[in-house]
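**Student:** Could you have a look at this structure, given as C-alpha cells, before my questions?
The values are calculated or read from the model by the stated rules, or taken from the named source; none is laboratory data. None of the values given here were measured: they were computed from a predicted structure. Because the Cβ atoms are built from the backbone with ideal geometry, glycine has one as well, and the counts that use them run over all protein chains shown.
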Protein chains: 2
Amino acid sequence: MGTRFSGSFLAVDWGTTNRRVFVIEDGRVAHTERDGKGVTAVTDFAAEAAGIRARHGDLPLLMAGMVGANIGWAPAPYVAAPAGIAELAAGLLWVEERSAIVPGVSTRVSGRPDVMRGEEVQLLGAVRAGLAPADALLVQPGTHCKWVEMVDGRIADFTTAMTGELFALLRSHGLLAAQLGGEVHVGPAFHAGVEEGRKRDLAAALFGIRAAKMLGVRDDADAAAFASGLLIGSDVAVRLEHAGHDTVHILADPMLGGLYAAAIAAHGRQAVIASSHDAFVAGILALAEQIA
Amino acid sequence: MGTRFSGSFLAVDWGTTNRRVFVIEDGRVAHTERDGKGVTAVTDFAAEAAGIRARHGDLPLLMAGMVGANIGWAPAPYVAAPAGIAELAAGLLWVEERSAIVPGVSTRVSGRPDVMRGEEVQLLGAVRAGLAPADALLVQPGTHCKWVEMVDGRIADFTTAMTGELFALLRSHGLLAAQLGGEVHVGPAFHAGVEEGRKRDLAAALFGIRAAKMLGVRDDADAAAFASGLLIGSDVAVRLEHAGHDTVHILADPMLGGLYAAAIAAHGRQAVIASSHDAFVAGILALAEQIA
C-alpha cells in the first residue's frame, strides 16, 4: 500500500476505554480530541475512522493500541523484541487503503514470555524526544504496568505486572473492598505499604489489612494508601532486585507517576517522570517519518 | 453463667456461608446437620438457636466461627496467642443463659498482626485427637489460608494468606476471568505454576497467564491449574522459607488438601492431610470438657 504519513496525518492512541486523536500538520500537533470511544465502546471501526476524518480532515490514519487487539478493528501482529521504530514500521497492519495499525511487541528474550500493545509508541518516542536516554529502564504504570529495558533506543526486553488491576479488583470486590475506598497519596501509610512490599508476600500482606482493622492497629482511612504502597512496592522490589540502573524513567501522569517515584526512591534509586502524552506524540512522529 | 457442657450438648461450626450442627450425646457425635445458613443468611440468631434446639433437643449450645464476628450474633473477643483450650474456655462469650460463642485468636507474636475465628477449634482439636503432633506446622487451606505454628499443643503464632480469595477474585472478575474457568487438578500445569510461584512475583506471573494465551505458549485449558499452582505455590514458598519443620500437617478436604500437599512436596517437605471435620469435633469436645 502506497499511503505515506508525510507532513499531515491523523494519529489515534486507541485504548480499551479511551481514545485520543492527534491532528498532525507539518510534523506538529495542531489539535487533539479525547473521548470515551475506546475499543470496547466501538463495533464499526471503519465508520469511526470515517467520522474522525469528517471531523478533522481527509488524511491518512495511523493508529496504535488496543485497536490492534482481537477485540479491536483487526488483530495486528506482535513484533518480536528487540524492536525499534524500523521493526514497528515494517510490521504495520493496513486495514484500509490509508489506515494502518501499529503492531504490538512480544518478548521471549528472558524470563516469561510477555506482550505489549500501545505502550511501544510511547517507549520509542520517549527516547527519540530525549525524555529518556537510549539505554534506560522505563516504567509505564497503570492497569498493566510495563517495565522496559531500552538498549540503543530500542525495546530490548520487558515485564508486565498487573499491579493496577489487582488494586482495582481488591477495591471493587471481596473482603477488603469496604476498607479501600479512601484516597491514595504519598504519606506514612503509603510508605509503610512499600516497606511491607519488600517481603514479596502479597497474599498475607493483603489479609494483614483486614487484621489491622480488626485489631485497631491502623487507622482504616489509611488502608487504601497502604494497599497501594504494598502493591506498587512489591512490584518495584521485584523489578529493581537485579536492575543495573541507578535511575528509573517513569512515563505517566503526575499522580500515578508520583506514587511510583516515591516507591522507587524508597528503594534507593532515582526516579524521573516524563509525560506519556509527549512520548506518544514523539513516537508516532518518528514512525510516520520512517514510513514516509 | 453456670451452664456446663457435660455429656450432651449442641455444637455449631457457624461460618460465613455454611453452618454445621453437631449433636453431641455422651461425648460422641450422634448426628450432624449441614445447611447454607451461614451468618450472612441469618438476621435473628436467637430464633435460629431456638430452631436448632427444637430440631435437635433442648441442650446447651456451643458455637464457633463467624457467628462471633461483628456480622454474627455478637462480637466475641480475640484471645491473644499463645493460646490453648484453657484460654479459649476462659474467653467464651455467653449470648444466652445456655448459649456460648468460642472466642477468636489474635497474634502479635512476630511479623504482622493477624486474626482467626473458627479455625482455632480445629487446630487445638487436631492435636488433642492425635491428628497432628503437639509441636507442628499446620495449614488450613481455604479462602483465607491459615499457617499455624503449634507449640506444646497450643496456638503459638500464625499467618493468614488470602490465597483462595485472590483465586476467586481473578476467576470472577478482570482480565483473566475468561481464561480461568477450567478444572484445577495436580498435573504438569499445576506444577509449572508452583515453580513460577517460587519467584514470589505474583503480579507479573499473573499477567504471564494472559501473555501465554496471546503467544500460544500454553494450552488455555491449563490456565486455571497453572494459576492455582502459582497462588498456592507462592504461599507455600514464603511460608516454608524459614519454617523448621520437615512435615506440614494439612487440615482440609482431600481436594484442596491435595493441591497444598503437592505444592508442599515440590518444596521438599512431607505433607500429611487430616480431616478438618474430625479436628473440629475433637476441639469442641476438648473445650466442653474444660468448661464442664
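**Student:** Confirm whether A:LEU123 is at negative phi, assigned to a loop (DSSP other than H, G, I, E, B) and under 16 Å from the mean Cα position of the chain (by Cα). Don't jump to the end; show me each part of the working.
**Tutor:** Values: at negative phi: yes; assigned to a loop (DSSP other than H, G, I, E, B): no; under 16 Å from the mean Cα position of the chain (by Cα): yes.
Against the criterion (at negative phi, assigned to a loop (DSSP other than H, G, I, E, B) and under 16 Å from the mean Cα position of the chain (by Cα)), A:LEU123 does not qualify.
**Student:** Let me ask you something else. Mind checking which residues of segment A:1-28 are more than 16 Å from A:ALA100 (Cβ to Cβ) and within 21 Å of the chain's Cα centre (by Cα)?
**Tutor:** Scanning segment A:1-28 gives A:GLY15, A:THR16, A:THR17, A:ASN18, A:ARG19, A:ARG20.
**Student:** Still on this structure: Hey, among the residues in segment A:167-220 that are among the β-branched types (Val, Ile, Thr) and facing chain B (nearest Cβ under 10 Å), which one's farthest from B:THR143 (Cα to Cα)? Even if it seems obvious, please write down each step before you answer.
**Tutor:** Of the residues in segment A:167-220, the ones among the β-branched types (Val, Ile, Thr) are A:184, A:186, A:194, A:209, A:217.
Next, from what is left, pick out any that are facing chain B (nearest Cβ under 10 Å): A:209, A:217.
On the way: A:ILE209: 15, A:VAL217: 23 Å.
Out of the qualifying residues, it is A:VAL217.
**Student:** Moving on. Among the residues that make up segment B:244-259, is at least one of them more than 9 Å from chain A (Cβ to nearest Cβ), surrounded by fewer than 23 Cβ atoms within 10 Å (Cβ to Cβ) and within 25 Å of A:SER234 (Cα to Cα)?
**Tutor:** So far as segment B:244-259 goes, no, none of its residues is more than 9 Å from chain A (Cβ to nearest Cβ), surrounded by fewer than 23 Cβ atoms within 10 Å (Cβ to Cβ) and within 25 Å of A:SER234 (Cα to Cα).
**Student:** Let me ask something additional. Tell me yes or no: at least one residue of segment A:24-37 is surrounded by 22 or more Cβ atoms within 10 Å (Cβ to Cβ) and under 22 Å from A:ALA292 (Cα atoms).
**Tutor:** Checking segment A:24-37: at least one residue is surrounded by 22 or more Cβ atoms within 10 Å (Cβ to Cβ) and under 22 Å from A:ALA292 (Cα atoms).
**Student:** Only one of B:VAL109, B:VAL105, B:VAL139, B:VAL148 is part of a loop (DSSP other than H, G, I, E, B), in contact with a strand residue (DSSP E or B) (Cβ under 6 Å, 6 or more places away or on another chain), at negative phi and not assigned by TED's automatic domain parsing to the domain that holds B:GLY257. Can you tell me which?
**Tutor:** Working: B:VAL105 fails: part of a loop (DSSP other than H, G, I, E, B); B:VAL139 fails: part of a loop (DSSP other than H, G, I, E, B); B:VAL148 fails: part of a loop (DSSP other than H, G, I, E, B).
After ruling out the rest, the residue left standing is B:VAL109.
**Student:** Go through (1) small (Gly, Ala, Ser); (2) within 12 Å of chain A (Cβ to nearest Cβ); (3) crowded, with 16+ Cβ neighbours inside 10 Å for B:ALA223 and report which single condition fails.
**Tutor:** Against the list (1) small (Gly, Ala, Ser); (2) within 12 Å of chain A (Cβ to nearest Cβ); (3) crowded, with 16+ Cβ neighbours inside 10 Å, B:ALA223 comes up short only on (2).
**Student:** Also: Taking into account only those residues within segment B:85-121 that are away from chain A (no Cβ under 14 Å) and touching a Gly at 6+ places or on another chain (Cβ under 6 Å), which is farthest from B:MET162 (Cα to Cα)?
**Tutor:** Restricting attention to segment B:85-121, the residues satisfying the condition of being away from chain A (no Cβ under 14 Å) are B:85-102, B:120-121.
Remaining after also requiring touching a Gly at 6+ places or on another chain (Cβ under 6 Å): B:101, B:121.
On the way: B:ILE101: 25, B:VAL121: 20 Å.
So the residue we want is B:ILE101.
**Student:** Okay, moving on. So, in segment A:52-76, of the ones that are loosely packed, with under 14 Cβ neighbours inside 10 Å and within 14 Å of chain B (Cβ to nearest Cβ), which residue ends up farthest from A:PRO103 (Cα to Cα)?
**Tutor:** The qualifying residue farthest from A:PRO103 (Cα to Cα) is A:ILE71.
**Student:** Across segment B:3-24, what is the total count of residues that are modelled with pLDDT of 95 or more and either over 22 Å from B:HIS144 (Cα atoms) or not charged (D, E, K, R) (or both)? Steps first, please.
**Tutor:** Filtering segment B:3-24 for residues modelled with pLDDT of 95 or more gives B:9-14, B:19-24.
Now restrict to residues that are either over 22 Å from B:HIS144 (Cα atoms) or not charged (D, E, K, R) (or both): B:9-12, B:14, B:21-24.
Final tally of qualifying residues: 9.
**Student:** In segment A:155-187, what residues are among the aliphatic types (A, V, I, L, M), in contact (Cβ under 8 Å) with a residue 40 or more places away in the chain, more than 18 Å from A:ILE209 (Cβ to Cβ) and crowded, with 22+ Cβ neighbours inside 10 Å?
**Tutor:** Once the filter is applied, which keeps residues that are among the aliphatic types (A, V, I, L, M), in contact (Cβ under 8 Å) with a residue 40 or more places away in the chain, more than 18 Å from A:ILE209 (Cβ to Cβ) and crowded, with 22+ Cβ neighbours inside 10 Å, segment A:155-187 yields A:ILE155, A:ALA161.
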